[in-house]
Protein chains: 4
Amino acid sequence: MARPLEYGEQVLLWEAKRGRTFSFVLREGDVFHSHRGSIPHGEIAGKPEGARVFSNTGTEFVVFRPRVGERMMKVRRRTQIVYPKDAGWLALALDLRPGMRVVEIGTGSGAFTILLAQLVGPEGRVYTFDRREDFLKNALENIARAGLSGRVEAGVLEAGEPFPVEGEVDAAFIDLPEPWLAVPPAYSVLAPGRPLAGIVPTAEQLKGFVAALEREGFVAVECIELLERKVLVREREGVRPFERMVGFTGYLVAARKALGKEVG
Amino acid sequence: MARPLEYGEQVLLWEAKRGRTFSFVLREGDVFHSHRGSIPHGEIAGKPEGARVFSNTGTEFVVFRPRVGERMMKVRRRTQIVYPKDAGWLALALDLRPGMRVVEIGTGSGAFTILLAQLVGPEGRVYTFDRREDFLKNALENIARAGLSGRVEAGVLEAGEPFPVEGEVDAAFIDLPEPWLAVPPAYSVLAPGRPLAGIVPTAEQLKGFVAALEREGFVAVECIELLERKVLVREREGVRPFERMVGFTGYLVAARKALGKEVG
Amino acid sequence: MARPLEYGEQVLLWEAKRGRTFSFVLREGDVFHSHRGSIPHGEIAGKPEGARVFSNTGTEFVVFRPRVGERMMKVRRRTQIVYPKDAGWLALALDLRPGMRVVEIGTGSGAFTILLAQLVGPEGRVYTFDRREDFLKNALENIARAGLSGRVEAGVLEAGEPFPVEGEVDAAFIDLPEPWLAVPPAYSVLAPGRPLAGIVPTAEQLKGFVAALEREGFVAVECIELLERKVLVREREGVRPFERMVGFTGYLVAARKALGKEVG
Amino acid sequence: MARPLEYGEQVLLWEAKRGRTFSFVLREGDVFHSHRGSIPHGEIAGKPEGARVFSNTGTEFVVFRPRVGERMMKVRRRTQIVYPKDAGWLALALDLRPGMRVVEIGTGSGAFTILLAQLVGPEGRVYTFDRREDFLKNALENIARAGLSGRVEAGVLEAGEPFPVEGEVDAAFIDLPEPWLAVPPAYSVLAPGRPLAGIVPTAEQLKGFVAALEREGFVAVECIELLERKVLVREREGVRPFERMVGFTGYLVAARKALGKEVG
């Protein structure tokens, strides 16, 4: 049985005509306002996902729970975020699955933390660290809005410090301006053979990151970038890519922890 | 404690010098053969992931459990497969998480089924259908090799037939030459508001798919394609994209089930 | 000896700090105005290309004659234009060279006509046609601003009509919503073996265009699209692609006129 | 009147069924051999471009003069060449036109020299230099095959040396592993305001090139790369990009010579 939308939950409104989306937490007595009119939260609470609602000016919306990528895009941003297109690739690179324990350094706004928490599930654990207490605070609010606080432990940490995590973790993710600093502590905490991944904005950082990985005993290093092209499909206008696109969001890196050093 | 590699498990050998990978199931008494010499399976069983092993001609390999993307790439192929780069995007589009019940139509070689099964976890369920019994048989062998048989139920089904699934599912995935045929049964079986996704190879199929989605009551339809560029990072040669790349693997589609029809 | 900039010429001002460009025709007594102050045309006339000039508020500019791509981008637009990135590819596809006679159908705003006229030179000839007299008028003004009127003959023509050109031409370019209509008259007017090229916005138009080419006796048909990525190179920030890019400007088509029909 | 193909000319054979192309110089008494049978050159000489010819095994070909891009692709290669897709962009960046005098450093195999020579025409001049005499010899043979020797002057030159060219040139092109070395001599020889362009393979070289340009007094520096995607258009299979593509051929750079140094 589909569970109705409840107060306290984050919802997504999709505007039928223009395809724009809006996201907020349902609060008793609150009202959603947009250029296309207003809707009291009370008209949304209790509805099932997929229901159509209308603003006081007659504009049609459909209500949803946000998917994880939408939760990521709708975080309150204090930093660059990991975009969903990159997050999907990284999820596979990190071999994410229910029950995993994952470490993340560079919490930022918590967008990628939300994906990690969703995919490791209630029995998994995400340990996330950032040097900026204010970033962490904002990120934890974003994670709470996504209803995932129970799976996430956060702490303040400088880039080169050892991760205060007990035992081994199943995957490590690095999103730092100086990713190489976090490579030795990530190696220490990772279970043998398990994956590390990261994202960096420039060719120079990519080079430094890869050099550190190879030096510290990681192998099977892969570097890629993803270009996402939206495609316009209209009965009359025909099929063609959009005229504008996001050109670059970062270089993605994946590697695996090997035991011992290369002989050859 | 890291669990050692065991007989019956699928392993991945990564060749240190050239970066090539090999995948097989560990069997007592078997021997791995390559152009770079041979290694008895008995030298791999019992080792931890990340261990270095050497062929009889001295070539160095590192042993791993394949990550989910590697399991996908190493399936025995009877059909085109969904590539990891696309699979990551689709995983987010389908809002995958532990415990979900997902329906897939167009099992093919089972590559994407493996990702679905990994992400829904032991408490989730993947219902997958194909019209070709021989494809299903091969796919189920691939899924078994990945150790995920317990979460997957498969059946023979023609494209337009209703899905023989009890109750509602949380997500639906379509990978068919005529995807529009599966849209009405997918609408019927999906919980309200929940996501549908699919992949198609041509502009014409994309157009037909989108038209069917809009006709049947899906909204928030998105169409994209992803370009993955490998980047070469070498101390001496410098940083630059690879000279060759995969140019196209399919158009990706995502949508959500709305209740009732658009008014406007 | 470098020729100084003269009244009546189109000039390009490049703003040193922000890299923005401005283009206009030098007129005695006129003044250039921008958010960064003003410069009397008289301070530019008589200067060599590459000279630095300053606005009354001290902003630094460098003056140039626009290159052909800049002339194309700075035309007064009444229609979509052919972008320089595509124009370069098309110039090679059409095998442009001094002295050639080229026919263009779909003058639009005359951007591509300017490139054609520059490359065929003073001994070449561009015959350009459009069904809209108002478009032609605007295009001819743009061509005049580029100083290329002497090489261009223009006329009003419906898409399917024969080209009123005497003798054979060396290349034909089609930029029409229904490009297939112009394929038979283009075949008639082209010298044997010589190239045709075109640009279309959608997959459906591409399909119709290619079908017409193959039906009418063109061979070696090629279809491509070009993605141009700007790369940011900064000493401090490092090297990386820009965050935004143009995602699509059109499908480009090239073909050659064969004699007689395919046998096989 | 279309001029028939003559002995001594380079021709292009396009194979009708498979779209493959072959290029050679027509010689009296010679025979073209391929996996699809043979054709005496005498059956081609005297035919117009666009004529259909058949091998002794019945395979259909169409004969053409190569377009400039095909001449570039068919050079005998001793080095990486500039690809047509990049060459088109560079032609516009260099503002090429009939009668221009252009300097090129890094002749390589002469592919780009061929384009330069075609576009400056019989009244223009291309001065091209390479440090390797053997490369120059091969390049000059390629240029001769294209029938363009009369417009090209070549010489041996080390990267940092002044260009032995009298007077000013209208454009300068650099294709060197250490492009920065050629920036000062290019600045010296260029007419004020006129364009320089170049191509480099790595992010590091790009950075060094741009730094040298800015240091020496060039402005309006642009860095881009082009991705060319072939599109498959088939009546039955539908429209979609090819599965494989060229991923990278180089970073392209364009700039203009300013007079004096930036004040700000």
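The mean sequence distance of close C-alpha pairs (under 8 Å, at least 6 residues apart), as a share of the length of segment C:69-257, puts its relative contact order at 20 percent. Which longest uninterrupted range of chain A lacks any trypsin sites (Lys or Arg not before Pro) assigned by DSSP to a loop state (not H, G, I, E or B) and surrounded by at most 14 other Cβ atoms within 10 Å? That would be A:78-235. The ranking of D:157, C:181, A:232 from fewest to most other beta carbons within 10 Å of each one's beta carbon is A:232, C:181, D:157.
Along its three principal directions, the equivalent ellipsoid of segment C:1-156 from the Cα gyration tensor extends over semi-axes of 30, 16, 15 Å, largest first. Counting only chymotrypsin sites (Phe, Trp or Tyr not before Pro) that DSSP places in a loop and that have at most 15 other Cβ atoms within 10 Å, the longest clean stretch of chain A runs over A:8-241. Placing R0 at 60 angstrom, the Cβ-Cβ distance between residue D:236 and residue C:43 gives a FRET efficiency of 0.40 after rounding to 0.05. Its relative contact order, with pairs defined as Cα atoms under 8 Å and 6+ residues apart, puts segment C:10-66 at 39 percent. As a rough footprinting exposure proxy, the listed residues A:3, C:240 were ranked by other beta carbons within 10 Å of their own, and the order from fewest upward is A:3, C:240.
FRET efficiency for the pair residue C:35 and residue D:244, taken as 1/(1 + (r/R0)^6) with r the Cβ-Cβ distance and R0 = 35 Å, rounds to 0.15.
Between helix A:84-93 and chain A there is an angle of about 40 degrees, using the helix long axis and the longest principal axis of the Cα atoms.
Any chance you could give the angle, 0 to 90 degrees and rounded to 10, that helix C:133-145 forms with the longest Cα principal axis of chain C? It works out to around 50 degrees. As a rough footprinting exposure proxy, the listed residues D:5, D:13 were ranked by other beta carbons within 10 Å of their own, and the order from fewest upward is D:13, D:5. Using C-alpha pairs below 8 Å separated by at least 6 residues, the relative contact order for segment C:103-178 is 40 percent.
Let me know the charge dipole size of the protein assembly as shown about its Cα centre in debye, to the nearest 20, where only the beta-carbon of Lys, Arg (+1) and Asp, Glu (-1) is charged.
0
Across the protein assembly as shown, counting alpha-carbon atoms alone, Rg and Dmax equal 31.2, 94 Å. Please report the antiparallel percentage of DSSP beta bridges with both residues in segment A:106-264, rounded to the nearest 5. Of all bridge pairs located within segment A:106-264, approximately 60 percent are antiparallel. Here the calculated FRET efficiency for residue D:144 and residue C:161, from their Cβ-Cβ distance with R0 = 56 Å, stands at 0.80, rounded to the nearest 0.05. Applying a DSSP loop filter and a limit of 14 other Cβ atoms within 10 Å to the GluC sites (Glu not before Pro) in segment B:184-264 leaves B:235, B:237, B:243, B:262. For chain D, find the longest principal axis of its Cα atoms and tell me its angle to the long axis of helix D:111-120, 0 to 90°, nearest 10. Computed tilt is about 80 degrees.
Averaging Cα coordinates gives a centre for segment B:10-76 and one for segment A:167-232; these two points are 23 Å apart.
Take the residue pairs D:85/D:230; B:85/C:85; B:74/B:137 and return only those whose Cα atoms are more than 20 Å apart.
Correct reply: B:85/C:85.
Calculate, in whole percent, how much of the Cα-Cα pair population of chain B lies beyond 30 Å. That fraction is 37 percent.
Applying a DSSP loop filter and a limit of 11 other Cβ atoms within 10 Å to the GluC sites (Glu not before Pro) in segment D:79-174 leaves D:158, D:166.
Once the Kirkwood radius over Cα pairs is known for segment D:10-66, the Stokes-Einstein relation at 25 °C and 0.890 mPa s delivers a diffusion coefficient of 222 µm²/s.
The numbers here are math on the coordinates, done by the rules we state, and not lab data. Predicted, not measured: the structure shown is a model, and the values here were computed from it. FYI the Cβ positions are ideal-geometry reconstructions off the backbone, even for glycines, and counts take in every protein chain you see.
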